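Worksheet: the structure to be examined is printed underneath.
The values are calculated or read from the model by the stated rules, or taken from the named source; none is laboratory data. Worth saying up front: this structure is predicted, and the values here are computed from it rather than measured. Virtual Cβ from ideal backbone geometry, glycine too; neighbours counted across all protein chains shown. Accessible surface areas use protein heavy atoms only, side chains included; no ligands, DNA or RNA. Shrake-Rupley method; radii C 1.70, N 1.55, O 1.52, S 1.80 Å.
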Amino acid sequence: MNPINRRQVLQAMGKGLAIFALVPFVGCDNQSKKTAIESGVKSFSENLVLDGEVITGAHWGVLKATIKEGKIVSSTNALDNAMPNPLHSTIPDLVYSPTRIKYPMVRKSYLENPDNPKPELRGDDEWVRVSYDDAIALIAKELKKTYKQKGKEGVFAGSYGWKSSGNLHNARILLQRFMGMAGGYVGVTGDYSTGASQVIMPYVVGSIEVYEQQTSFSSVLDHTQVVVIWGADPMVTLRNAWTLNEGTGLDFFKKLKESGKKIISIDPVRNMTCDYLGAEWIAPLPNTDVALMLGIMHTMLKNNQYDKDFIENYTQGFERFKAYLLGESDGVVKDSLWASHICGISKAKIESLAELFVGNRTMLMSGWGMQRAHHGEQAHWSLVTLACMIGQIGLPGGGFGLSYHYSNGGSPTATAPVVGGMNLGNVSNGGAEWLMQGSDNNFPLARIADALLHPGKTIDHNGKKITYTDIDFIYWVGGNPIVHHQDTNTFLKAWQKPRTIVVNEIYWTPTARYADIVMPITTSYERNDISMSGDYSNLHIVPMKQLVEKQFEAVDDYQVFCDLAKAFNVYDRFSEGKNEMQWLKEFYNQALSQSQGLMLELPDFESFWKANAPLKFEIPSESEEFVRYGDFREDPILNPLGTDSGLIEIYSHTIEKYNYKDCPAHPTWLEPIEWLGMENKPAEFALITSHPAYRLHSQLANTSLRKEYAIADKEPIWINAKDAQEKGIKTGDVVSVSNARGEVLAGAFVTDSIRRGVVRLCEGAWYDPQEHGKIGSPCKNGSSNVLTLDIPTSALANGNIAHTALVNIKKYEGEVKPVDIFMPPEGA
Ligand code: PGD
């Protein structure tokens with residue numbers, strides 16, 4: 001089923017064509033028979049398709065599911081992308097997973113005595129099945145109690161995670177909408193993806209940059225001569241997107257490969273993208289990119305081969321940085337030899353890169369791993385400075401991009417109206433009365449363990465002071481913090497501090513297992529939703545249709561929060577009296593109302609929904625040629641950046657004033673806390689925790705895709721062939737990987753595609769301790785965060801440093817218990 005163009009829809013409507021009859025109507029025709037409250041969130045399962053193809057979507061694509069006799073039998077791409085995406089096939093596995101949470105469950109000790117719930121038993125207590133109504137009543141009672149005892153400062157609803165796509169069933173927004181109305185909560189700032197960069201970039205280029213549209217893919221194909229993929233693996237990460245993946249990124253990289261352009265991949269790992277593109281592989285030591293960049297910049301300076309006009313007209317502060325490069329400010333010349341000693345790339349190669357970059361139209365495409373490191377702020381600041389010296393920012397195909405690897409960042413934007421979505425309750429309710437009752441004590445997300453462990457502690461953050469509150473109640477939805485947060489064993493200690501932890505989850509993830517109350521949630525294939533494809537392209541409006549009945553006793557997050565809202569007497573405000581389909585119609589109608597201004601004619605909601613096909617929009621030619629910073633380059637006075645000076649800041653006077661020792665006022669090489677070049681290394685190998693090829697973080701771990709990567713039924717760890725030989729390790733061996741923070745067991749993968757001294761264990765493997773509930777017990781499924789460090793990037797951003805860690809590795813000789821994290825806990 002191909003996406004239908006909006007013109008086709010309109011033509012079909014006009015001609016009465018069968019385009020809307022592809023599947024029986026799954027919709028709201030029964031709405032009038034129910035009151036809004038009764039029908040609040042019920043599905044219209046009587047209209048479900050029993051045999052046919054139905055359109056839906058996920059982070060990994062716009063999808064078409066085949067249903068036979070009321071059961072999903074397969075799923076595939078609904079669009080006509082050139083590149084396949086193996087993640088598309090996972091819907092049946094996800095819906096019918098044995099890991100599903102079937103019923104509301106409460107931890108036994110909590111149920112017995114919520115005032116003294118024995119938090120140390122989290123992860124190993126018995127589970128007791130309760131009725132849905134009892135679970136809602138218990139959550140409401142304990143939340144009210146916490147508000148009374150600790151105020152809103154005692155309630156945490158920052159709840160971070162990738163959840164599922166969809167503009168209505170947006171778990172985190174729903175939670176915060178409810179909590180904002182119920183009494184308020186402590187939230188968070190920032191995220192795990194770009195914690196460092198999104199805080200420093202506004203000082204440098206005046207916007208967060210990491211979630212911005214990039215110079216278009218076609219501009220790169222037409223104009224770039226040298227493509228540098230720096231610490232990114234887009235052939236992996238572009239399998240997913242924040243909304244629904246329209247697949248244009250993977251298709252772009254196919255074209256890039258066919259273009260025959262010079263492509264360089266700078267990464268300690270010869271990753272999937274490097275292999276696919278046949279790129280030149282340059283492998284620095286982990287966490288040393290800043291030194292490499294400084295060496296390149298020093299070479300340009302020394303050779304007088306940099307763009308002085310650009311530096312003069314578009315940047316400020318270069319002189320201070322130049323003094324640093326030349327060693328005038330600290331006595332250390334940052335030349336290619338100096339850099340080569342740090343990053344492990346030869347002096348000659350560093351110098352040749354300088355020449356290559358300035359001699360060609362060069363696009364520096366950076367990933368985010370390099371800023372998920374100690375002093376991670378410096379990495380992208382250095383990269384932007386390097387691009388300034390090359391002088392091609394704002395030219396077609398030139399400059400830098402921090403989002404080519406994420407959510408199809410180079411996709412041009414279509415002429416499309418934007419579909420609405422669920423909000424925190426302060427917009428569509430239209431009045432100050434319902435403004436979100438957020439707290440002044442929001443803290444940087446990656447400091448959560450620190451915040452739980454040290455209530456009352458004050459930290460520096462981005463020029464301010466933040467004091468942690470005493471959090472006693474956590475409500476988490478749509479995320480898996482026990483897997484995603486650094487230093488799992490410390491996190492588990494912190495997780496024992498609150499009296500109550502409620503988790504809404506689809507599956508028995510590690511986080512659900514360490515909760516007190518678990519609510520069973522639907523997959524997005526058991527509910528109706530709507531979304532646009534493409535975070536930047538707005539290419540399609542997609543009906544995300546319910547495919548099958550809600551499984552077991554699973555409910556939508558919306559249902560849970562509607563019912564909690566009733567217990568707090570805020571139901572009318574929370575639900576605005578709307579059921580699922582009424583919300584979807586409202587969101588769609590927001591697009592409809594914009595369409596006239598865009599000279600577009602859209603079908604009405606009912607026709608759109610019946611058509612069972614994505615609605616596709618066209619990309620105007622000016623979008624195809626979009627050049628980031630093009631306006632700024634054309635006229636920096638008329639189009640200044642949002643920085644203090646309006647220019648790109650190579651030196652920031654504001655950051656200087658903060659006087660943070662770990663974040664100086666210009667790009668600087670600062671030794672990370674753990675790295676291969678340090679004296680007295682606490683362990684032998686640098687650990688890289690890349691994003692996995694067959695999961696979205698920890699999502700999809702419980703699907704049959706696991707057999708594509710698991711080794712010895714564990715997360716694979718890549719180790720260089722020579723290192724493996726010295727350690728007597730072979731592919732398929734179970735290895736112990738450890739450091740002062742903990743130990744994991746992983747399956748060895750011996751390869752030449754990783755630099756010596758480096759090992760790679762992807763993030764997102766489900767934490768599965770040998771002894772459940774015992775902090776410090778080795779994880780038998782290779783969850784990388786058992787080994788990572790939980791300290792901030794710097795006082796500026798307080799981002800996570802998941803890619804800064806040293807570990808030891810050896811063949812494991814002990815008893816290997818089977819991985820059992822993908823089966824529900826006993827009694828559940
Ligand atoms: P996911 O696996 O996507 O990981 O961390 P994040 O917590 O986002 O977790 C989403 C969870 O939401 C899943 O358990 C899923 O079942 C659940 N879920 C899905 N849909 C719904 C829904 O509709 N309702 C409810 N209630 N739940 C739902 C990712 C985080 O990890 C990120 S973004 C990054 S960038 C970090 N990266 C790294 C890294 O590079 N290296 C390490 N070592 N660690 C990292 N951690 C971070």
- Note on the structure: The FRET efficiency for residue 590 and residue 415, from their Cβ-Cβ distance with R0 = 22 Å and rounded to 0.05, is 0.85
- Message: Can you give me the solvent accessible area of residue 259 with a 1.4 Å probe, rounded to the nearest 10 Å²?
- Response: 50
- Test item: Cα-centred dipole of the chain, Lys/Arg +1 and Asp/Glu -1 on Cβ, debye: 940
- Task: Would you list the P(r) distribution for the chain, with all Cα-Cα distances sorted into 10 Å bins from 0 and each bin expressed as a whole %?
- Result: 3, 13, 23, 26, 21, 11, 3, 0
- Within 10 Å, count the other beta carbons around each residue, average over each peptide in 803-809, 115-121, and list them highest first. 803-809, 115-121
- Where the range 652-696 is the region considered: accessible area per residue in Å², 1.4 Å probe: 46
- Hydrodynamic radius (Kirkwood) for the range 499-658, which is based on Cα pairs only, to one decimal in Å: 20.6
- Message: Over 5 Å intervals from 0, what percent of Cα-Cα pairs in the range 155-230 sits in each interval?
- Response: 3, 12, 14, 14, 16, 16, 10, 6, 5, 3, 1, 0
- Applying the Karplus parametrisation 6.51 cos²θ - 1.76 cosθ + 1.60 with θ = phi - 60° to the phi angles of the range 393-408, what ³J(HN,Hα) value in whole Hz is obtained for each residue in order, glycine and proline being reported as x? 4, x, 9, x, x, x, x, 9, x, 9, 9, 5, 8, 10, 6, 6
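Pop out the carbon and sulfur fraction of the accessible area of the chain as a percent, whole number, probe 1.4 Å.
Ligands and nucleic acids excluded, carbon and sulfur give 49 percent.
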- Task: Evaluate the relative contact order of the chain (contact order divided by residue number), counting alpha-carbon pairs under 8 angstrom at least 6 apart; express in whole percent.
- Result: 21
- From the cross-link list 71/102; 493/681; 464/657; 102/545, which pairs have alpha carbons spaced over 20 Å apart? 493/681; 102/545
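What's the ranking of 369-375, 334-340, 104-110 by average number of surrounding C-beta atoms within 10 Å, highest first? Mind dumping the intermediate values first?
Working: 369-375: 28.0, 334-340: 21.3, 104-110: 22.9.
So the order, starting with the most tightly packed, is 369-375, 104-110, 334-340.
What shape does the range 724-806 take by its C-alpha gyration tensor, where a ≥ b ≥ c are the square roots of the eigenvalues and a/c under 1.5 counts as rounded, a/b above b/c as prolate, and the rest as oblate?
Oblate shape, in that a/c is at least 1.5 and b/c is the bigger or equal ratio.
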- Note on the structure: For the table 150/780; 108/144; 707/730, the rows whose alpha-carbon distance is greater than 30 Å are 150/780
- So what are the ³J(HN,Hα) numbers for the range 107-118, from phi and the Karplus equation (6.51, -1.76, 1.60; θ = phi - 60°), rounded to whole Hz, Gly and Pro as x? 5, 4, 5, 5, 5, 5, 7, x, 7, 9, x, 6
- Query: Going by the alpha-carbon gyration tensor, a ≥ b ≥ c the square roots of its eigenvalues, is the range 457-587 rounded (a/c under 1.5) or, if a/c is not under 1.5, prolate (a/b greater than b/c) versus oblate?
  - Reply: prolate
- The answer for the per residue Cα convex hull volume of the range 253-377, in Å³, is 127
- Query: Once a ≥ b ≥ c are taken as the square roots of the eigenvalues of the Cα gyration tensor of the range 691-758, is the result rounded (a/c under 1.5), prolate (a/b larger than b/c) or oblate (a/b not larger than b/c)?
  - Reply: prolate
- Message: Which residue, 494, 106, 528, has the largest displacement toward the positive end of the dipole of the chain when charges sit on each Cβ (Lys, Arg +1; Asp, Glu -1)?
- Response: 106
- Note on the structure: By the mean-Cβ-within-10 Å protection proxy, highest first, 507-514, 453-460, 579-586, 83-90 rank as 507-514, 579-586, 83-90, 453-460
- The answer for the net charge of residues other than residue 529 whose Cβ lies under 12 angstrom from its Cβ, with Lys and Arg +1 and Asp and Glu -1, is -1
